[in-house]
1. With all protein chains present, calculate the accessible area of B:Asp66 using a 1.4 Å probe and round the result to the nearest 10 Å².
2. Could you tell me the distance between the Cα centroids of segment B:16-92 and segment A:20-92, to the nearest Å?
3. Keeping all protein chains in position, work out how much accessible area B:Leu11 exposes to a 1.4 Å probe, and write it in Å² to the nearest 10.
4. Please give the net charge around A:Arg69, taking every other residue with its beta carbon less than 15 angstrom from that of A:Arg69, where Lys and Arg add +1 and Asp and Glu add -1.
5. Leaving out ligands, DNA and RNA, calculate the buried accessible area for the pair B and A with a 1.4 Å probe, summed over both sides, in Å² to the nearest 100.
6. Identify the residues of segment A:1-34 with backbone N under 17 Å of a label point that sits 7 angstrom from the Cα of A:Arg64 along the Cα-to-Cβ direction, or state none.
7. What list of whole percents do you get for P(r) of segment B:4-108, with Cα-Cα distances grouped in 5 Å bins up to the one holding the largest distance?
8. Please list B:His106, B:His57, A:His29, B:His45 from largest to smallest accessible area, probe radius 1.4 Å, with all protein chains kept in place.
Amino acid sequence: GAGVSQSPSNKVTEKGKDVELRCDPISGHTALYWYRQSLGQGLEFLIYFQGNSAPDKSGLPSDRFSAERTGGSVSTLTIQRTQQEDSAVYLCASSLEVVETQYFGPGTRLLVL
Amino acid sequence: SQQGEEDPQALSIQEGENATMNCSYKTSINNLQWYRQNSGRGLVHLILIRSNEREKHSGRLRVTLDTSKKSSSLLITASRAADTASYFCAAPRRGKIIFGKGTRLHILP
């Protein structure tokens with residue numbers, strides 16, 4: 001079956017602009033996670049959604065970052081007024097249940113000029 | 001703070017040799033997961049070991065878990081060039097899965 005997909009694959013934007021990153025999880029997976037990975041670094045947790053529960057936003061680095069998950073499926077990560085330090089690969093993962101095996105998308109590479 | 005921390009940060013071995021990577025974590029867990037990442041993009045799940053398991057195998061991979069020491073190890077036997085990648089352990093913490101910074105494994109021809 002289809003895996004996790006993310007779009008766009010690459011995004012170049014100017015400092016101060018808003019960007020939207022999309023994640024399509026595996027159908028039926030109740031948990032969805034967003035991570036950020038800077039060059040050569042580990043994964044930084046951003047936010048996760050589990051079913052209809054309130055999302056855990058504890059990893060979002062600032063109020064410029066927000067995410068939503070519509071209908072328990074597709075998720076969008078929005079970064080407002082982008083800064084150069086936002087440049088990174090943004091990874092999305094989904095799992096059948098929270099804290100179980102995660103299936104990752106290919107990521108969106110964001111470059112803020 | 002890191003829930004999972006891998007050791008060493010980097011490892012270079014000759015093709016055919018075994019590679020061992022270690023992971024330490026801080027809080028109690030119900031499972032620990034290992035992932036591989038090629039070329040800085042999506043991660044691929046390797047093995048999930050539950051807290052009541054001590055050892056698990058998958059092909060050339062062997063994972064051990066010692067909950068008393070809060071540590072895990074990943075052994076790759078008979079390494080191949082294709083095993084060159086970054087390897088991450090990940091441990092749940094309050095619903096989140098926290099990743100370490102990874103071990104960069106390089107297999108030399």
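1. The accessible area comes out at roughly 50 Å².
2. About 25 Å separates the Cα centre of segment B:16-92 from the one of segment A:20-92.
3. 40 Å²
4. Values: positive: A:Arg22, A:Lys57; negative: A:Glu20, A:Asp24, A:Asp56, A:Glu68.
Result for the neighbourhood of A:Arg69: -2.
5. Values: alone 6060 and 6190 Å², together 10510 Å².
Between B and A, the summed buried area is about 1700 Å².
6. Correct set: A:11-21.
7. 3, 14, 26, 26, 19, 9, 4, 1
8. Working: B:His106 85, B:His57 115, A:His29 20, B:His45 55 Å².
Descending order: B:His57, B:His106, B:His45, A:His29.
The values are calculated or read from the model by the stated rules, or taken from the named source; none is laboratory data. Quick caveat, the model's predicted, so the values are computed rather than measured. Here Cβ is always computed from backbone atoms with ideal geometry, including for glycine, and neighbour counts include all displayed protein chains. For accessibility, only protein heavy atoms count, side chains too; no ligands or nucleic acids. Shrake-Rupley method; radii C 1.70, N 1.55, O 1.52, S 1.80 Å.
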